[in-house]
Amino acid sequence: MQRVVGDSDVIIHLAKLNKLDLIRELYECAHIPRYVELEMVRYQYDEVGIIEDTVRHGVLKVYETDDSKARSIAGRYGIHIGEAHVKALAEELHANLFLSNEKKVRIAAKKEGFHVAGTVGVILRGANQGCLTKEEAIKSLNKLKASEFRIHPNIIGSAMDSLEE
């Protein structure tokens, strides 16, 4: 099983799509910094209850991370402090996979040798591994396209094309 770390954006998107169960089905769990957990709760997203349940059930495992190390990473890569906490956790746990949608974060993680996936990648993997039907995956991608998820329509379009093949 892959060791996975996750940023808030992918977790929130999957919660909004009611697809957080994909983390358990595909990866068993995802590891997140306490900073990211608090960030998701503090901003009072509608999905806070779902996210808290996922933490309680061990699908999202929360870890303390070193704030000074995260601040150094944030400065070095020009990324948000929460994303830097995820990167610090990824290094500490020797993670295989880094879940994030943010371009700067993805570039930084790839430079450091991590495999990277975003919300669209998780949905595609779910379809490819039989956790989602093709129709469920397309429905989820359409919801991403029609909402405030901030994922470029071309990325979603390419994903939908790959499901059609």
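The values are calculated or read from the model by the stated rules, or taken from the named source; none is laboratory data. What you see is a predicted model, and the numbers here were worked out from it, not measured in a lab. Glycine gets a Cβ as well: all are built from the backbone with ideal geometry, and neighbour counts include every protein chain shown.
Return yes when residue 113 is farther than 18 Å from residue 37 by Cβ and either within 14 Å of the chain's Cα centre (by Cα) or free of Cβ contacts under 8 Å to residues at least 24 places away in the same chain (or both) and no when it is not.
yes
So which of 93, 99, 89 ends up being aliphatic (A, V, I, L, M), at pLDDT 95 or above and either more than 12 Å from residue 6 (Cβ to Cβ) or in contact with a helix residue (DSSP H, G or I) (Cβ under 7 Å, 6 or more places away or on another chain) (or both)?
Step by step, each of 93, 99, 89 is checked, and only 99 is aliphatic (A, V, I, L, M), at pLDDT 95 or above and either more than 12 Å from residue 6 (Cβ to Cβ) or in contact with a helix residue (DSSP H, G or I) (Cβ under 7 Å, 6 or more places away or on another chain) (or both).
Report yes if residue 74 is at negative phi, assigned to a helix (DSSP H, G or I) and either under 17 Å from the mean Cα position of the chain (by Cα) or in contact (Cβ under 8 Å) with a residue 40 or more places away in the chain (or both), otherwise no.
Considered against the rule, which asks whether it is at negative phi, assigned to a helix (DSSP H, G or I) and either under 17 Å from the mean Cα position of the chain (by Cα) or in contact (Cβ under 8 Å) with a residue 40 or more places away in the chain (or both), residue 74 comes out as no.
Run down 105, 120, 59 and say which single residue is buried (at least 16 other Cβ atoms within 10 Å of the Cβ), in contact (Cβ under 8 Å) with a residue 60 or more places away in the chain and of a type in the set (Val, Ile, Thr).
105
When the range 123-165 is examined, which residues are found to be outside any loop (DSSP other than H, G, I, E, B), touching a residue at least 60 places away in the same chain (Cβ under 8 Å) and loosely packed, with under 12 Cβ neighbours inside 10 Å? Don't jump to the end; show me each part of the working.
Looking only at the range 123-165, we keep the residues that are outside any loop (DSSP other than H, G, I, E, B), and these are 123-128, 134-145, 153-164.
Now narrow it down to the ones that are touching a residue at least 60 places away in the same chain (Cβ under 8 Å): 123, 125-126, 140, 143-144.
If the condition is that a residue be outside any loop (DSSP other than H, G, I, E, B), touching a residue at least 60 places away in the same chain (Cβ under 8 Å) and loosely packed, with under 12 Cβ neighbours inside 10 Å, then no residue fits.
Residues being within 28 Å of residue 113 (Cβ to Cβ), in a helix (DSSP H, G or I) and in contact (Cβ under 8 Å) with a residue 40 or more places away in the chain: count how many of those fall in the range 1-33.
11
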